[in-house]
1. Among (1) touching a helix residue (DSSP H, G or I) at 6+ places or on another chain (Cβ under 9 Å); (2) open to solvent by 70 Å² or more (accessible area, probe 1.4 Å); (3) of a type outside the set (Asp, Glu); (4) modelled with pLDDT of 85 or more, which single condition is Ile115 missing?
2. Would you point out which residue out of Thr20, Thr2, Thr12 is touching a strand residue (DSSP E or B) at 6+ places or on another chain (Cβ under 6 Å) and modelled with pLDDT under 90?
3. Can you say whether Leu32 is exposed (fewer than 15 other Cβ atoms within 10 Å of the Cβ), at pLDDT 90 or above and part of a helix (DSSP H, G or I), as far as the supplied structure shows?
4. Hey, could you check segment 68-93 for residues that are surrounded by 12 or more Cβ atoms within 10 Å (Cβ to Cβ) and part of a loop (DSSP other than H, G, I, E, B) and say which is nearest to the chain's Cα centre (by Cα)?
Amino acid sequence: MTSQGTQRTEATGRLLRRRTSNRVIGGVAGGLGDYFNVDPLLIRIAFVGLMIFGGAGAVLYLIAWLMVPAQGHDASIVESLLRRLGLTAGRIITLAVIAVAFVFLINSWNYPYDIVGDGSVLWAAVVIVLGFVLIRRREGASTV
């Protein structure tokens, strides 16, 4: 027989948060290690490997540092900034749709500067944003 408190603890699950203690740089690898129950050293090695082979590791680390809240906080650095600027989710989605439409419009006119390249940068951005939205939505639904 389980109590109500035990059921709530199981229902909330893990939250993706950057570590504020026992961190090397920004706490991203430690937070990801805690979330996925993996040694943070393996995640650090993956970031370094991505930095060496293509340079994506530094960009991904920076994005995670900006978008993942620190332990003890409900909002990330980006979310706090957006709140201060008064931007809501609807406004952000509208701006993102306009930006994507603008990029595709420029590329369809064969503008001399290829902004998106072969499309991999755009798809990477879409996957990162969707992943972030899904994780935050799951966290929000489980804490209600």
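1. Condition not satisfied by Ile115: (4).
2. The match here is Thr20.
3. When the stated conditions are applied, Leu32 does not pass them.
4. So the residue we want is Val68.
The values are calculated or read from the model by the stated rules, or taken from the named source; none is laboratory data. This is a predicted model, so every value here is computed, not measured. Quick reminder, even Gly has a Cβ in these numbers, built from the backbone with ideal geometry, and neighbours come from all protein chains shown. For accessibility, only protein heavy atoms count, side chains too; no ligands or nucleic acids. Shrake-Rupley method; radii C 1.70, N 1.55, O 1.52, S 1.80 Å.
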